[in-house]
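Below is one structure, written out as structure tokens; comments come after it.
The values are calculated or read from the model by the stated rules, or taken from the named source; none is laboratory data. Treat the numbers as computed from the prediction; the structure is a model and nothing was measured. When we count neighbours, we look across all protein chains shown, and the Cβ atoms used for this are built from the backbone with ideal geometry, even at glycine. Each accessible area value is taken on the protein alone, full model and side chains, heavy atoms only, with ligands, DNA and RNA left out. Shrake-Rupley method; radii C 1.70, N 1.55, O 1.52, S 1.80 Å.
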Amino acid sequence: MPQFSGVIPPVVTPRHADGSIDTNSLKNVTKHLLDGGVSGLFVLGSSAEVPYMTDAERGLVVSTIAEANAGSVPLIVGANEQTTNRVIEEAKKVIDLGADAIVVTSMYYAIGNVAETETHFRAVHAAVDKPIFAYDVPVRTHFKLPVDLLVRLGRDGVITGVKDSSGDDVGFRQLLLATKDNPELSIFTGHEVVVDGALLGGAHGVVPGLGNVDPAGYRRLFDAAQAGDWAGASREQDRLADVFEIVFTPNGRVSGGAAGLGAFKTALQVMGVIESNTMSVPMPALNDSETAAIKVILERNGLV
């Protein structure tokens with residue numbers, strides 16, 4: 001295995017009913033994830049609602065998780081900004097707060113071509129002395145990171161890993177095949193419901209938003225795959241696919257982001273891990289009927 005592998009959930013950001021960051025609940029989430037056997041924590045990712053955060057809130061989230069983690073597992077922290085110099089500035093901030101590695105997307109709003117994107121990653125690498133994960137998330141950046149670019153950046157040591165949230169299963173398999181000769185490059189899937197297939201194809205781990213709710217389930221899935229128990233991995237994946245049904249409870253009432261992240265937060269509230277399922281403005285929280293539907297799903301999967 002390369003330096004990074006296993007289960008690294010993207011940590012959600014609990015808020016009080018008034019919208020402020022709930023640091024006590026955030027510490028509870030961190031403990032819940034560590035108790036579930038995670039291999040690392042992805043901080044300030046999409047599941048953290050990072051685009052909605054102020055700079056002060058970002059700093060508070062990283063420092064709170066770093067304190068609660070106390071060095072137990074690596075902290076992989078998003079340096080989420082639009083352009084190269086802003087990413088470098090953000091990366092230096094989160095490194096000072098305890099990041100062990102940083103996560104970098106291609107530029108967004110200022111969207112470049114392949115050559116500019118390569119320059120972007122190489123410039124960040126030259127400016128910071130921490131491992132870099134390339135985050136392939138075209139639904140956010142409107143730019144798909146090409147396989148040959150990722151192979152080149154991995155070969156040259158510019159990136160240590162890739163978090164693939166592209167939804168492009170063919171491209172993901174091509175990336176796994178193209179990087180087999182680079183044992184130092186970590187390839188992670190961001191999928192929740194086809195993780196067993198990704199691990200069978202050679203992925204080194206998973207960054208599942210649903211891992212906030214059931215980290216132990218993803219740990220069992222990963223361990224079964226490592227042991228070559230693919231039938232056991234499939235059974236655990238089937239159960240997790242049923243847990244994932246929580247994201248469909250709003251049934252179109254809210255945006256996709258509010259539905260998915262709202263379901264994760266609502267589940268954690270039902271489980272007693274966090275105080276409130278409040279979302280970042282302008283996203284609404286899930287309502288009482290949606291909460292009741294989520295509780296039914298959690299109960300049939302042994303989570304409450």
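Before moving on, here are some points about what is shown:
- Members of the range 15-66 that are of a type outside the set (Lys, Arg), assigned to a helix (DSSP H, G or I) and closer than 21 Å to residue 4 by Cα: 30, 32, 33, 34, 35, 46, 47, 48, 62, 65, 66
- A Cβ distance below 6 Å, combined with a sequence gap of six or more or placement on separate chains, defines the contacts here; from the range 158-182, residues that are in contact (Cβ under 8 Å) with a residue 60 or more places away in the chain and on the phi > 0 side of the Ramachandran plot reach no residue that is in a helix (DSSP H, G or I) and surrounded by 15 or more Cβ atoms within 10 Å (Cβ to Cβ).
- Complete set of residues in the range 181-191 that are in a strand (DSSP E or B) and among the aliphatic types (A, V, I, L, M): 187
- Breaking point among (1) over 22 Å from residue 219 (Cα atoms); (2) in contact with an Asp or Glu (Cβ under 9 Å, 6 or more places away or on another chain); (3) open to solvent by less than 10 Å² (accessible area, probe 1.4 Å), for residue 12: (1)
- Taking the listed residues 140, 122, the one that is farther than 24 Å from residue 167 by Cα and of a type in the set (Lys, Arg) is 122, with no other qualifying.
- Contacts under 7 angstrom Cβ, first residue in the range 110-127 being over 15 Å from residue 89 (Cβ atoms), partner hydroxyl-bearing (Ser, Thr, Tyr) and surrounded by 16 or more Cβ atoms within 10 Å (Cβ to Cβ), 6 or more apart: 117/106
- A single entry from 50, 29 fulfils the requirement of being of a type in the set (A, V, I, L, M), open to solvent by less than 30 Å² (accessible area, probe 1.4 Å), touching a residue at least 24 places away in the same chain (Cβ under 8 Å) and closer than 14 Å to residue 9 by Cα: 29.
- Selected residue (only one of 227, 263 is over 23 Å from residue 52 (Cα atoms) and either without any contact (Cβ under 8 Å) to a residue 40 or more places away in the chain or within 16 Å of the chain's Cα centre (by Cα) (or both)): 227
- Criterion applied to 240, 268, 261 was being open to solvent by less than 40 Å² (accessible area, probe 1.4 Å), more than 22 Å from residue 16 (Cα to Cα) and modelled with pLDDT of 95 or more, and the one residue passing it is 240.
- Residue count for the range 59-70, restricted to those that are open to solvent by 10 Å² or more (accessible area, probe 1.4 Å) and in contact with a Gly (Cβ under 9 Å, 6 or more places away or on another chain): 3
- Selection count, the range 284-304, where residues are farther than 13 Å from residue 245 by Cα and open to solvent by less than 30 Å² (accessible area, probe 1.4 Å): 1
- Qualifying residue in the range 78-97 (condition: of a type in the set (D, E, K, R), in contact with a strand residue (DSSP E or B) (Cβ under 8 Å, 6 or more places away or on another chain), under 21 Å from residue 207 (Cα atoms) and at pLDDT 95 or above): no
- Test for residue 281: is it open to solvent by 50 Å² or more (accessible area, probe 1.4 Å), in contact with a Phe, Trp or Tyr (Cβ under 9 Å, 6 or more places away or on another chain), among the hydrophobic types (A, V, I, L, M, F, W, C) and in contact (Cβ under 8 Å) with a residue 12 or more places away in the chain: yes
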